[in-house]
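The values are calculated or read from the model by the stated rules, or taken from the named source; none is laboratory data. Model, not experiment: these values are computed from the prediction. Note that we place each Cβ from the backbone using ideal geometry, even for glycine, and neighbour counts take in every protein chain shown. The area values use the complete protein model at the heavy-atom level, side chains included, leaving out ligands, DNA and RNA. Shrake-Rupley method; radii C 1.70, N 1.55, O 1.52, S 1.80 Å.
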Amino acid sequence: MTDAKDARRPAGELEASVLAVLWAADGPRTPGQVQRGLGAGLARTTVTTILTRLHDKGIVARRRQGRGYAYYPVQDPQGLTARRMHSELARGGDRERVLARFVEQLSPDDERILRELLDPRSGER
Amino acid sequence: MTALLLVPLLLPCAVPPAARRALARLAPVTALWVLTVCALVLAACSLAALGTFVLVGLLKLPACAALGELVHPLRTPSDLVVVPAAAVSVGALAVCAVSLARSALRQARAWRAARSEAARGPAAGDLCVVDSPHPDAYALPGRPHRIVVTTAMLRSLDAAEREALFAHERAHNRGGHHYFLAAAELAAHCHPALRPVRAAIRLAAERAADEAAARAVGDRRLTARAIARAALAGRAARGNRPDVAAAAAGGPVPQRVEALLAGPRVPRPSAVRAAALLLACVAVSCAASTTGVAEVHHRVEVAQGEAPR
């Protein structure tokens, strides 16, 4: 990935990627750490701008760390309700019909085939 | 007449193998279109045939014949054929209507629940994060389109794999794949033999999104790894409970991973043949049902005294 490619991406997609890094992390992250976590050629100032915007929207919180801030995702007050609805949906099994899911359930055979496909000794092409 | 109207009812049973062939050979987006159009037309033809059987049966009843202004008796094969055919058709149509209505209600409820779930979660751009220990991700069409990903899914993937996941879900939303899934659902409820075609359409939609994701991140292997890792993480979180019976040829996820690792598909003549076979089935089904319905219509006109015998 290059700077040029990331500069062309819509702001919403960059926000999504930055938020994903914070949720995947196990603690608050500084802009520099987020930039490294993104693995993309984003400028640090761009990352800082996005983090500030997310903070303004109330999606992430921050605390002082050294001369700057460390950011972490906000657990929304309705999070509990959302979680409950999520498990209801997962139990119903209807969702896989109406919504396009990333991955379906695996059978034991599928698991074996996947591991074989991912095995670098047989998988490198 | 009866024999001709049986064609659109029986033909869908022969379509699933052809559908799988087409899915394996065509480019995913083309396969998505061809399969969906086929499923919809075959479903419509089989409904038309059932409806015609019911109509003929009804016109055998004196009250309905009077209502239809029949002055002569309707010329049909023996009542021993027409009446049971009508009765069976009424039953089949009723089953279709009930299962379709139930499914539509359930889907609408699931969609609304997912939508309100997404509205409550924190959103950045189009991403909604749901705090959950189960790895899961799905595209949520609407205004605006959203992609919903659980925290467990975000944590099972690295940064590059997450980008592949996001690109995959965005491709679903941009491609309007939910319309195709809804059409597949509709067709599957109209004729039970179209259920395997619904599965093929679902796989075609996933494959189309996979290819779009591979193009967006510029790495097929990375995309394949993201899918495989997400699937394995989901399995680990659910534990080893025996869910679906083990499929002989591997489920949809290994097929998708394999297709990505195999490299871009080159157009081959066999792809054209597979598509042509499917479209031929559709054409035969259309022709048979149209001719059958037209013939019944002509007989009704004769019975009404409006057309010469």
Original post:
Restricting attention to the range B:218-228, which residues are surrounded by fewer than 22 Cβ atoms within 10 Å (Cβ to Cβ) and either within 9 Å of chain A (Cβ to nearest Cβ) or of a type in the set (Lys, Arg) (or both)?
Top reply: B:218, B:220, B:221
Original post:
at pLDDT 90 or above and open to solvent by less than 10 Å² (accessible area, probe 1.4 Å): does that describe residue B:205?
Top reply: yes
**OP:** Taking residue B:4 as the residue in question, decide whether it is modelled with pLDDT of 90 or more, aliphatic (A, V, I, L, M) and either buried (at least 18 other Cβ atoms within 10 Å of the Cβ) or assigned to a helix (DSSP H, G or I) (or both).
**Re:** no
Subject >> Count of the range B:124-165 residues which are at the interface with chain A (Cβ under 7 Å from one of its Cβ atoms) and without any contact (Cβ under 8 Å) to a residue 24 or more places away in the chain >> reply: 8
Original post:
Which is surrounded by fewer than 23 Cβ atoms within 10 Å (Cβ to Cβ), assigned to a helix (DSSP H, G or I) and away from chain A (no Cβ under 11 Å), of B:212, B:199?
Top reply: B:212
**OP:** Only residues that are at the interface with chain A (Cβ under 7 Å from one of its Cβ atoms), under 30 Å from residue B:93 (Cα atoms) and of a type in the set (A, V, I, L, M, F, W, C): list them for the range B:166-189, please.
**Re:** B:181
**OP:** Go through B:143, B:109, B:162 for me and flag whichever is open to solvent by 20 Å² or more (accessible area, probe 1.4 Å) and in a helix (DSSP H, G or I).
**Re:** B:109
Original post:
If you scan the range B:134-178, which residues turn out to be touching a strand residue (DSSP E or B) at 6+ places or on another chain (Cβ under 8 Å) and among the polar types (S, T, N, Q)?
Top reply: B:150, B:151, B:173
**OP:** Please go through the range B:59-70 and pick out each residue that is of a type in the set (A, V, I, L, M), outside any loop (DSSP other than H, G, I, E, B) and open to solvent by 80 Å² or more (accessible area, probe 1.4 Å).
**Re:** B:67
